Amino acid sequence: YFAHVPVEDLRGRSEKIMARVALDHLEFGAVRRKGRSKLRIYNPTTESHGYESSYTFIEMINEDMPFLVDSVSAAVTRQGLGVHITVHPIVAVVRDAKGKLEKITDSDANEGIRESFIRIAVDRETDPKRLKLLEQEVSRVLSDVRVTVRDWQKMRRKMEETRDLLE
């Protein structure tokens, strides 16, 4: 889960809490319908999460696709919040027809689909109205990215063909 996070960003953090974070995110993604994003924004509490933090967390799960992290980070910035750490493992999973997670596979296997599990720590926000606006903004961005990447490779090929014709 944290394999691609710089060591200095993890230094001094409780291994127990970091393990809990990873398992909570996986449990959050236990059911996800194809073509749909899962999103939650929260301030952890000892009672609910087993730890507290000076950050607000945005967690999402999607099919893996380009532009997700940059687009969501830009949405966070538009809401006036700073991004402090981003965790973004790509997990190969097999789900049943209802979207229930059946297993995690080797990323090299030709089984299942690759999903983006993204966790972003942002400036702490406690105002329910601002949290709702943030959720709406991130949700809109996830939807826009999904629509954008449907044909971006095809569009890119067409632009390259046009460029070659102009040359």
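Quick query: amide H of Thr105 versus all other amide H atoms, modeled in the peptide plane; which residues come in under 5 Å with a sequence gap of 5 or more or a different chain?
Hits under the 5 Å cutoff: Ala92, Val93, Val94.
Expressed as a rounded percentage, what relative contact order does region 1-102 have, with Cα pairs under 8 Å and six or more residues apart?
Relative contact order comes out at 34 percent.
Taking 8 Å as the Cα distance limit and 6 or more residues as the minimum spacing, I'd like the relative contact order of region 92-167 as a percentage.
17
Which residue fluctuates the most in the chain, going by a Gaussian network model with Cα springs under 10 Å, if the choices are Ser48, Ser116, Ser143?
Taking springs between Cα atoms under 10 Å, the residue moving most is Ser48.
Cα centroid distance between region 16-79 and region 150-167, in Å?
Between the Cα centre of region 16-79 and that of region 150-167, the gap is 35 Å.
Show me the helices of the chain, taken as full DSSP H stretches, that run 30 Å or more along their long axis by Cα and average -1.0 or above in Kyte-Doolittle hydropathy.
Sorted by number, the helices that extend far enough and score high enough are 128-149.
Can you show me the helix-derived [θ] at 222 nm for the chain, built from DSSP H runs with n ≥ 4 at -39,500 (n - 2.57) apiece and divided by the number of residues, rounded to the nearest 500.
Dividing the helical sum by the residues of the chain leaves -13000 deg cm²/dmol.
When we measure straight from the Cα of Lys132, which lysines land under 26 angstrom away, once same-chain ones fewer than 8 places off are left out?
Correct list for Lys132: Lys34, Lys38.
So which trypsin sites (Lys or Arg not before Pro) in region 56-109 pass both tests, a DSSP loop state and at most 14 other Cβ atoms within 10 Å of the Cβ?
Those that pass, being in a loop and sparsely packed, are Lys98.
Using a 7 Å offset from the Cα along the Cα-to-Cβ direction at both Ser139 and Asp70, what is the distance between the two label points in nm, to one decimal?
Each label point is offset 7 Å from its Cα along the Cβ direction, giving 2.6 nm.
Would you calculate the convex hull of the Cα atoms in region 29-135 and tell me its volume per residue in Å³?
122
Across region 83-88, in residue order, what do the Karplus-derived ³J(HN,Hα) couplings come to in whole Hz, using 6.51 cos²θ - 1.76 cosθ + 1.60 with θ = phi - 60° and x for Gly and Pro?
Result, ordered by residue: 8, 9, 8, 10, 10, 9 Hz.
Considering only protein heavy atoms and a 1.4 Å probe, what is the carbon-and-sulfur percentage of the accessible area of the chain?
The computed percentage sits at 51.
About its Cα centre, what dipole magnitude does the chain give when the only charges are +1 on Lys and Arg Cβ and -1 on Asp and Glu Cβ, stated in debye to the nearest 20?
600
The values are calculated or read from the model by the stated rules, or taken from the named source; none is laboratory data. None of these values were measured; they are calculated from a predicted model. Cβ atoms come from the backbone with ideal geometry, glycine included; neighbour counts cover every protein chain shown. These accessible areas exclude ligands, DNA and RNA; they are computed on the full protein's heavy atoms, side chains included. Shrake-Rupley method; radii C 1.70, N 1.55, O 1.52, S 1.80 Å.
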